[in-house]
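In what follows, a single structure is set out as structure tokens and then discussed.
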């Protein structure tokens with residue numbers, strides 16, 4: 001037998017990016033089962049069950065409409081305020097659940113990770129996919145309200161670019177996954193971050209133009225608006241709303257989408273590198 | 001046949017104490033060394049993994065320079081005390097964590113029966129959990145589907161298989177989990193002492209299954225156990241670990257013997273007692289000098305294998321002539337049952353003049369069952385006075401390792417376990 005034909009080697013050396021697609025493919029059944037587990041078990045033994053998927057975005061949109069549009073008088077243009085908020089929250093929620101779902105990968109799975117080996121990347125990936133399912137449901141409600149408002153006679157039509165919707169979903173996922181993996185890495189050693197994450201996402205939402213259009217902050221706070229404008233998440237949210245409603249004060253442009261995508265992929269790879277470094281020894285520090 | 005697994009110079013370092021304080025400082029220091037191309041400053045220090053004394057260093061080597069090879073189809077037993085590094089080694093082998101230095105090379109997939117029930121979700125039913133757990137352990141859905149009936153049958157949970165596992169008793173959960181793990185078919189199987197799960201009936205089933213796996217199918221197995229009987233029965237080769245290193249390797253019998261001798265260290269004071277004149281038990285006419293237990297080669301031991309004779313050696317001194325003096329001893333097992341008692345009076349002269357007298361009492365081989373025993377020693381003149389009565393002068397351990405014709409590797413029921421011949425006509 002040849003001396004060097006080893007199936008695998010375990011050593012202390014770490015490759016920078018060690019994403020073994022073949023291995024992930026071999027564990028695809030596990031991925032599927034994790035996704036299924038996440039979806040099936042969340043609302044077991046609840047009365048309303050999957051209805052909770054609807055309730056959260058609807059109520060948040062109602063509150064946002066009350067506070068931001070009725071009280072603070074933020075103008076959402078041709079788009080009805082409620083629909084505007086619902087669309088922003090739907091997109092934002094997907095990012096948020098991807099982020100929080102992956103950010104505690106190591107800590108909440110320490111039990112399993114400490115006992116058996118399987119490609120660790122399966123876990124964050126399964127979170128992104130199972131949340132995609134919830135996002136899909138929420139998108140259905142959004143579509144429902146969309147039709148309702150069109151029926152009421154509001155002048156909104158999706159632009160042709162609606163075909164780009166998978167791209168936007170992908171971007172939300174990749175940002176959530178990338179940041180989530182970075183945070184999951186650091187929380188194994190420094191738990192402060194998981195505490196920080198809760199309100200940081202809350203604050204980040206306000207900086208990502210979720211409850212207001214980008215044009216509103218540009219008009220009212222021109223000196224600080226760059227913080228929001230250069231936030232790639234703002235561009236995703238704004239772009240998402242544009243392709244849905246076909247109207248926006250900040251028109252769609254391809255180069256913004258390109259840059260946003262490039263940054264997202266960059267963050268994803270940084271996350272992946274850190275994730276790879278951590279997955280091998282985190283069990284000793286967690 | 002060929003080398004299927006090769007472990008080269010593997011070491012593993014752990015940090016002691018409160019992990020968290022000062023890590024940032026050490027991390028920065030490490031990083032600073034690494035960008036200048038220097039060695040990790042914390043790798044050079046580190047105490048040997050000896051739990052009996054408190055380590056003075058901040059880092060400890062849980063494993064140090066482990067080197068071994070496993071041939072295809074071999075069943076390697078790994079034995080050692082708690083804390084010898086066995087579990088750490090298995091963790092490295094199953095890729096849960098990576099070694100600090102060194103390299104592990106494998107030609108096959110490794111799966112472990114290290115921990116059962118990994119990833120069980122209480123809300124899922126038994127059947128769903130079989131799929132989930134199987135997939136975590138590396139099986140594909142098709143593989144599990146082809147074995148599911150067998151798994152369910154083996155677990156003995158047919159009735160509850162579509163009930164969420166949170167409604168299971170802990171025993172049922174463990175049985176279901178073991179059933180999944182036992183149906184894995186990796187190239188290299190790592191078995192830790194999971195045997196101690198479930199009731200006696202299930203244990204028997206589990207051990208039988210493990211023997212089938214390791215014997216029948218010609219698979220490579222790494223077997224970690226404290227049970228010398230199962231190691232002897234199952235393994236083709238063994239190694240003994242101590243304080244993070246392999247201290248002995250090769251023949252199973254030799255390893256087991258080495259280990260038992262080593263393990264003896266625990267009961268140093270229990271296998272031999274030597275009294276000083278001032279505090280020796282006794283009276284002005286008769287004192288006890290020393291007692292110890294030896295094997296037939298005269299080595300002082302506290303752990304015996306069931307095929308060894310136990311020589312109880314008692315040294316006494318008579319200071320004034322005594323009449324009708326006798327020594328009695330009782331052997332108690334761990335359940336406080338007197339296994340037997342015996343007395344020297346049939347062998348003693350009625351009158352004993354001053355001098356040193358040694359007694360040797362031989363407990364025959366294949367008599368005692370596995371377990372811990374204590375010796376109560378008493379001296380006196382019946383009906384006149386008692387000289388001393390020591391309720392726990394010595395204790396020793398019996399390890400049952402010779403096959404008794406059954407696959408029963410747990411303790412056989414019964415106070416004694418003599419070798420009984422069966423004749424069948």
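Do me a favour and compute the ellipsoid semi-axes for the range B:271-399 from its Cα gyration tensor, root of five times each eigenvalue, largest one first, whole Å. Walk me through the numbers on the way to the answer.
On the way: eigenvalues 134, 45, 36 Å².
Listed largest to smallest, the semi-axes of the range B:271-399 are 26, 15, 13 Å.
Using helices alone, what [θ] at 222 nm do you get for chain A, with -39,500 (n - 2.57) per DSSP H run of 4 or more residues, divided over all residues and rounded to the nearest 500?
For chain A, the value works out to -21500 deg cm²/dmol.
In what order do B:154, A:282 fall by count of nearby beta-carbon atoms within 10 Å, going from fewest to most? Display every interim value, and only then the final one.
Numbers: B:154 20, A:282 23.
Ranked by crowding around the Cβ, least crowded first: B:154, A:282.
Between residue B:273 and residue A:28, what FRET efficiency follows from the Cβ-Cβ distance if R0 is 60 Å, with the result rounded to 0.05?
Once the sixth-power term is evaluated, E becomes 0.40.
Taking chain A as a Gaussian network, Cα atoms linked when under 10 Å apart, which of A:218, A:44, A:36 shows the biggest mean-square fluctuation?
A:44
Working only with C-alpha atoms, what are the Rg and Dmax values of the range A:130-286, expressed in angstrom?
Spelled out, the Cα radius of gyration and Dmax of the range A:130-286 are 18.0, 61 Å.
Ignore the peptide's own chain and count Cβ atoms of other chains within 10 Å of each Cβ in A:107-113; give me the average, rounded.
Taking all residues of A:107-113 together, the mean is 2.
Please check: in the Gaussian network model of chain A (C-alpha springs, under 10 Å), which one of A:276, A:85, A:253 has the largest mean-square fluctuation.
A:253
Roughly what % of Cα-Cα distances in the protein assembly as shown sit above 42 Å, to the whole percent?
Details: 120280 of 252405 pairs.
The calculated P(r) of the protein assembly as shown puts 48 percent of pairs beyond 42 Å.
For the range B:265-347, what class follows from the C-alpha gyration tensor (a ≥ b ≥ c being the square roots of its eigenvalues): rounded when a/c is under 1.5, otherwise prolate if a/b is larger than b/c, else oblate?
It is prolate, given that a/c is not under 1.5 and a/b is the larger ratio.
May I ask you to compute the full-extension gain from residue B:123 to residue B:82, defined as 0.36 nm times their residue separation minus their alpha-carbon distance, rounded to one decimal in nm? Present the calculation step by step, with values, prior to reporting the outcome.
Details: separation 41, 0.36 × 41 = 14.76 nm, distance 3.47 nm.
Here the answer is 11.3 nm.
What angle do you read, to the nearest 10 degrees and between 0 and 90, between the alpha-carbon axis of helix A:81-103 and the longest principal axis of chain A?
That helix lies at roughly 10 degrees to the long axis.
Counting only Cα, what are the radius of gyration and maximum Cα-Cα distance Dmax of chain A, in Å?
My reading of the Cα-based Rg and Dmax gives 20.9, 78 Å.
Please find, in a Gaussian network model of chain A (springs between Cα atoms separated by less than 10 Å), the residue of A:27, A:212, A:94 whose mean-square fluctuation is greatest.
Result: A:27 has the largest fluctuation of those listed.
Sorted by mean Cβ packing within 10 Å, highest first, what order do the peptides B:300-309, A:231-240 take?
A:231-240, B:300-309
Hey, got the average number of other protein chain Cβ atoms within 10 angstrom for residues in B:134-142?
On the way: counts 3, 10, 10, 5, 7, 2, 5, 5, 1.
Partner Cβ neighbours, averaged per residue: 5.
Treating the range A:207-262 as a set of equal point scatterers at the Cα positions, no solvent, please give the Debye-formula log₁₀ I(q)/I(0) at q = 0.19, 0.20, 0.22, 0.29 Å⁻¹.
Result of the Debye calculation: -0.60, -0.67, -0.81, -1.28.
For a quick size check, give me the Cα extents of the range B:208-356 along its three principal axes, largest first, whole Å.
Dimensions of the range B:208-356 along the principal axes of its Cα atoms: 69, 31, 26 Å.
Read the figures in this text as sums done on the coordinates, not as results from a lab. Predicted model only: the values in this text are computed from it and were never measured. We place every Cβ from the backbone using ideal geometry, glycine too, and count neighbours over all the protein chains shown.
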